[in-house]
1. Which residues, counting only those in segment 22-36, are surrounded by 16 or more Cβ atoms within 10 Å (Cβ to Cβ) and part of a loop (DSSP other than H, G, I, E, B)?
2. Against the condition of a type in the set (A, V, I, L, M), over 30 Å from Val81 (Cα atoms), modelled with pLDDT of 95 or more and not in a helix (DSSP H, G or I), how does Ile203 come out, does it pass?
3. How many residues are in a loop (DSSP other than H, G, I, E, B) and open to solvent by 100 Å² or more (accessible area, probe 1.4 Å) if we restrict to segment 184-200?
4. Which condition from (1) open to solvent by 10 Å² or more (accessible area, probe 1.4 Å); (2) of a type in the set (Val, Ile, Thr); (3) under 30 Å from Asp192 (Cβ atoms) is the one that Thr9 breaks?
5. Just give me the residues in segment 224-240 being in contact with a Ser or Thr (Cβ under 8 Å, 6 or more places away or on another chain) and either of a type in the set (Asp, Glu) or not in a loop (DSSP other than H, G, I, E, B) (or both), in sequence order.
6. Output the number of the condition that Ala205 fails; it satisfies all remaining conditions of (1) loosely packed, with under 15 Cβ neighbours inside 10 Å; (2) in contact with a strand residue (DSSP E or B) (Cβ under 7 Å, 6 or more places away or on another chain); (3) not charged (D, E, K, R).
7. Is one or more of the residues making up segment 168-178 more than 23 Å from Ala18 (Cα to Cα), part of a helix (DSSP H, G or I) and in contact with a Phe, Trp or Tyr (Cβ under 9 Å, 6 or more places away or on another chain)?
8. Quickly run through segment 83-109 and pick out the residues that are under 30 Å from Lys4 (Cβ atoms) and small (Gly, Ala, Ser).
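The values are calculated or read from the model by the stated rules, or taken from the named source; none is laboratory data. Quick caveat, the model's predicted, so the values are computed rather than measured. Because the Cβ atoms are built from the backbone with ideal geometry, glycine has one as well, and the counts that use them run over all protein chains shown. To get the accessible areas, we keep the full protein, side chains included, count just its heavy atoms, and leave off ligands, DNA and RNA. Shrake-Rupley method; radii C 1.70, N 1.55, O 1.52, S 1.80 Å.
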Amino acid sequence: MERKTAMITGASRGIGKAIARELAGKGYDLFLTCRRNEQMLSEVGRGLEREFGIHCRTDCFPIYMEERLAMLFEDIPYLDVLVNNAGISHIGLLADMSFDQWQEVINTNLSACFLTCKYAIPEMIRRKKGKIINISSVWGNVGASMEVAYSASKGGVNAFTRALARELAPCNIQVNAVACGVIDTDMNRCFDREDMDELISEIPADRMGNPDEVAALVGMLCSGNEYLTGQIIALDGGWM
């Protein structure tokens, strides 16, 4: 019997770590990546192996580096689930942003989705099944001042999700995205308490979301519903 397998990018902490735990609990063998926290990612992988009895491989490199990604996929026989979670933000005026900073955000948040899908899809097509889940943001729908590059990248992820879902639906491969609102992760640690309180006051649920709630939704999307595809599902406490 084939074991279920999943790849999760950006899995050393926050949302990615929570998703890894969710899928490990469902019996998936895991391929986990992160950008630079190699020791932290290794600890995550070893902990999941001990707790759930699954197999876990960890690799540390910028996910948009195609040569390294291609080497990783040489050791991945197939994927049942691909979760594109790796993401970075840049807060500041667009006029003050360098092109290198812009390119780093776009490469990490959007181009990496293209690359992981490029390598994962052929075997999914051969097996006539697969789930691709992209972690996006509400800012991809409406845009955020001072976060133009991040908003543009997540808007691209949303369009990418819808288009790829149409392309792969005849092959029984589902592609969806989770558009997160304010989630309690390190990405939001840059805001001081006053700014966070003001932000939370705008959210009808009157709180931030937590990574486990994102992970639970991803777990649901990994289930057998083969008619749900091309959707950008907002998880934002009613905010947007």
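1. Let us first name the residues in segment 22-36 that are surrounded by 16 or more Cβ atoms within 10 Å (Cβ to Cβ), namely 22-24, 28-35.
Tyr28, Arg35 - these are the residues of segment 22-36 that are surrounded by 16 or more Cβ atoms within 10 Å (Cβ to Cβ) and part of a loop (DSSP other than H, G, I, E, B).
2. On the way: of a type in the set (A, V, I, L, M): yes; over 30 Å from Val81 (Cα atoms): yes; modelled with pLDDT of 95 or more: yes; not in a helix (DSSP H, G or I): yes.
Yes: the conditions hold for Ile203.
3. So in segment 184-200, the residues in a loop (DSSP other than H, G, I, E, B) come out as 184-185, 189-192.
With the extra rule that they be open to solvent by 100 Å² or more (accessible area, probe 1.4 Å), the set shrinks to 189.
Count: 1.
4. Single failed check for Thr9: (1).
5. Passing the criteria: only Ile232.
6. The failed condition is (2).
7. Here is the first cut: in segment 168-178, the residues more than 23 Å from Ala18 (Cα to Cα) are 168-173.
Now narrow it down to the ones that are part of a helix (DSSP H, G or I): 168-171.
If we keep only those that are in contact with a Phe, Trp or Tyr (Cβ under 9 Å, 6 or more places away or on another chain) too, we end up with none.
No, that holds for no residue.
8. Within segment 83-109, Ala86, Gly87 meet the criteria.
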